[in-house]
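The values are calculated or read from the model by the stated rules, or taken from the named source; none is laboratory data. All values derive from a computational prediction rather than experimental measurement. Here the Cβ positions follow ideal geometry from the backbone for every residue, glycine too, while neighbour counts run over all protein chains shown. The accessibility values were calculated without ligands, DNA or RNA, using every heavy atom of the protein model including side chains. Shrake-Rupley method; radii C 1.70, N 1.55, O 1.52, S 1.80 Å.
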Amino acid sequence: MDGGSPRPPRRPEREGSYNCDIESMDGSVAGGGPPWRSQNGSAEALLRYDDGGAGDRGSTREPLLRKRTMNTTSQIAIVGANVCPIESLDYEVVENDLFKQDWRSRKKKQIFQYIVLKWSLVLLIGLLTGLVGFFNNLAVENIAGLKLLHTSRLMLKERYFKAFFVYGGCNLVLAASAAAICAYVAPAAAGSGIPEVKAYLNGVDAYSILAPSTLFVKIFGSILGVSAGFVLGKEGPMVHTGACIANLLGQGGSRKYHLTCNWLRYFKNDRDRRDLITCGSAAGVAAAFRAPVGGVLFALEEAASWWRSALLWRTFFTTAVVAVVLRGLIEFCRSGKCGLFGQGGLIMFDLSSTIATYSTPDLIAIIVLGIIGGIFGGLFNFLLDKILRVYSIINERGAPFKILLTITISIVTSMCSYGLPWLAACTPCPADAVEQCPTISRSGNYKNFQCPQGYYNDLASLFFNTNDDAIRNLFSNGTANEFRMSSLFIFFTAIYCLGLVTYGVAVPSGLFIPVILAGATYGRIVGTLLGSISDLDPGLFALLGAASFLGGTMRMTVSIVVMKGFPYMEAHAEPYMRHLVAGDVVSGPLITFSGVEKVGNIVHALRITGHNGFPVVDEPPITETPELVGLVTRSHLLVLLNSKNFMKGQVKTSGSFVLRRFGAFDFAKPGSGKGLKIEDLDFTDEEMDMYVDLHPITNTSPYTVVETMSLAKAAILFRELGLRHLLVVPKTPDRPPIVGILTRHDFMPEHIHSLFPNLNPHKYHSASMAG
């Protein structure tokens, strides 16, 4: 949990469903709170009135009965293929005495150093992501190329059954290896990783989501999975890979693996890491498609929840570095020094030498493609949702079942890829073919398969290739008669179904490639059917079809984020939130500390709760009346307690010892290595009866809202500022200075519905739309 609301009980653990360090984030249920200080909400039900629409709230037509309960919104989510505890990130500046002293003492040299380091880091992110992207493509092209070459040689000798066992056996070994390292080393690496990155940039953190082990498995698991012939891509995992690289650099390495750099201490906070990870996700897209502008647009439109102009320039600089690195390495490989790299999978459609002209019938055809993309995309998302729910049940049974599921899908994929091309008839090689026909090397437009010399199998040219080469074949210009209509229908049906059943297995996998493949196929079908009324090339239709299918399915990213259980906050507030105020959803009991608090009280509160923020209230004799000082975080309390600078009396100090003993970086957020935990600290009975001054480490300017503020306004404020805690203060002065704390989970529909069972969100949404 994030604030002064008790951590809800976790779901019952299923055997084999957890593979996360729960202890690092776990906390016990607060129950009734510490006996020395807890502020419970009103025990009686709160009666509110609503007119059932967007009109005046003063009507008494329908009461909203509020149940005063604890926040039982889930604090766990599915990360990769496992269930893990989650926490919120805090992008707020903690303006305590240490922070103020640090900024006052900073010199121009240190500020300049910070700026230079910031740009140096994005340069390194671009360089490393570009190198990893090239390495991924180099490895996939060579591993898959050797597999396809060996299989083709056996088929030329008409040893078809042995060719299938070699082809299927290689796929099986590669798939099992990818699933094994993913299931046992880093379960968080399963899937594309885009939902996890999107959730992180929205303010949600989970254990090992960007850890070095996740990066390792993401790279090699993606290589093995794509080489295994799965209908999946390495483009989605590249987004996660770029984010992991950015996180590793931003936190100064990893304490766990003894790879740390103290000179990167400036970036040990959530705000700077957020910016770096945004650049990393953009670099991942640029490395996958060799599209620097596309990477920036992806980060802006899909990944990031917070954006500003300064981040735009750094993101573009990062993606430009990626493009330069890839271009240089590709030029090096043109000399033939990279094995079977060939053209690589870095660019699929080149418009640099194409001038497309269109007419009115062409626009009608494009509209038809858009409609088809929306229909197929909606159906794809619907079916994928059902399949992922079934897979989650299988994956929760443990690593062996994850591997077994992956092997099963691998066998099905190999049978389809090898078996379906036998349904296609052999086609004579075109006399004006630019490429060699039939193709002898591992890639090309004209696969020989079982056909005699001078003929090719058009369906094998799509199936018996890497996914990148299949897309390149579909996008190729001047090949209007290369693929039969029957072959395109068979390929579309197979790819559509295989894409559905493959996504969700325990390997790093992305949806970009299956969606582009399916969209390009039906785009080429439409282009072939409308060839009599349209002048556009079927390859261009394939490109437009891929774009339409991408448009119809990419909203699935947000759906998967929510389906995985991440408390994702949209940019807009839900309409029903306008009928509630901040004080309506605050949960109790609230635990507060005095400005000078007893050590035993702090230790007890930290041990029995999982709260990460506590209001600090000065009370008599320090002040005449209770006064809100600010907010203190759990991590800062642990650092202060570990120093054991305690006092025997409850006396407010000047805080000079804390300012002399500590610097702002001593309270910096730890990276992937574990920080202090309350279980690591031991105290004597005498120390437990002593006091500690919390004023120097208390954020004296936290964001606060009055309890009567609209919940919709509070939600927008919470998201736009990237907060972890939002303090709710009373409207009248004759009450305690703090009503409660709003955290991310207090804005979740499940929590609000548990408080107001009679509230019908759909009714308010309809009324809002009508208004």
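State to the nearest 20 debye the size of the charge dipole of the range 151-235 about its Cα centre, where the only charges are +1 on K and R beta carbons and -1 on D and E beta carbons.
460 debye
How about the range 84-188: which GluC sites (Glu not before Pro) there are in a DSSP loop, with at most 10 other Cβ atoms within 10 Å of their Cβ?
Answer in residue order: 158.
Arrange the peptides 164-170, 242-248 so that the one whose residues have, on average, the most other Cβ atoms within 10 Å appears first.
Answer by packing, highest mean first, reads 242-248, 164-170.
Using a 1.4 Å probe and counting only protein heavy atoms, arrange 597, 619, 750 so the residue with the most accessible area comes first.
Sorted descending by solvent-accessible area, the residues read 750, 619, 597.
Among the aspartates and glutamates, which fall within straight-line cross-link reach of residue 109, defined as a Cα-Cα distance under 13 Å, with same-chain neighbours fewer than 8 residues apart omitted?
Counting by Cα, and skipping residues close in sequence, residue 109 has no aspartates and glutamates nearby.
Starting from the Cα of residue 107, draw a straight line to each of the lysines and keep only those under 22 Å, dropping any in the same chain fewer than 8 residues away.
Filter leaves 118, 268.
Tell me which trypsin sites (Lys or Arg not before Pro) from the range 162-218 have a DSSP coil assignment and no more than 10 other beta carbons within 10 Å of their own.
none
For the range 469-599, which whole percent of the accessible surface, found with a 1.4 angstrom probe, sits on carbon and sulfur atoms?
61 percent
Show me, for the range 688-703, the HN-Hα J-couplings you get by feeding each phi into the Karplus relation (A = 6.51, B = -1.76, C = 1.60, θ = phi - 60°), rounded to Hz, glycine and proline as x.
5, 8, 8, 10, 9, 8, 8, 4, x, 10, 8, 6, 7, 9, x, 6
For an R0 of 45 angstrom, estimate the FRET efficiency from the Cβ-Cβ distance between residue 386 and residue 307 and round to the nearest 0.05.
0.85
Which lysines have a Cα less than 26 Å from the Cα of residue 731, not counting those fewer than 8 places away in the same chain?
67, 713
Which value, in Å² and to the nearest 10, is the accessible area of residue 647 when all protein chains are kept and the probe is 1.4 Å?
Accessible area, nearest 10 Å²: 40 Å².
Kindly sort 103, 119, 307 by accessible area of their heavy atoms, largest first, with the probe set to 1.4 Å.
103, 119, 307
Considering all alpha-carbon pairs of the range 112-196, what whole percent are spaced by more than 19 angstrom?
Tail fraction, whole percent: 64.
I want to make sure I understand the PRE zone here: with the label point 7 angstrom from the Cα of residue 647 toward its beta carbon, which residues in the range 592-626 have backbone N atoms less than 14 Å away?
Hits in the range 592-626 for residue 647 at 14 Å: 594-599, 618-623.
Please list 565-576, 311-322, 390-401 highest first by mean number of surrounding beta-carbon atoms within 10 Å per residue.
The packing order, highest mean first, is 311-322, 565-576, 390-401.
Can you list residues from other chains, or at least 5 along the same chain, whose modelled amide H is less than 5 Å from the amide H of residue 79?
Long-range HN contacts for residue 79: 84.
Step through the residues of the range 571-581 one at a time and calculate ³J(HN,Hα) from phi using the Karplus curve (6.51 cos²θ - 1.76 cosθ + 1.60, θ = phi - 60°), rounding each to whole Hz and writing x for Gly and Pro.
Each residue's phi maps through the Karplus curve to give 6, 10, 8, 5, x, 5, 5, 5, 8, 10, 10 Hz.
Let me cross-check residue 732: its accessible surface, 1.4 Å probe, with only protein heavy atoms counted, in Å² to the nearest 10?
Per-residue accessible area (residue 732): approximately 60 Å².
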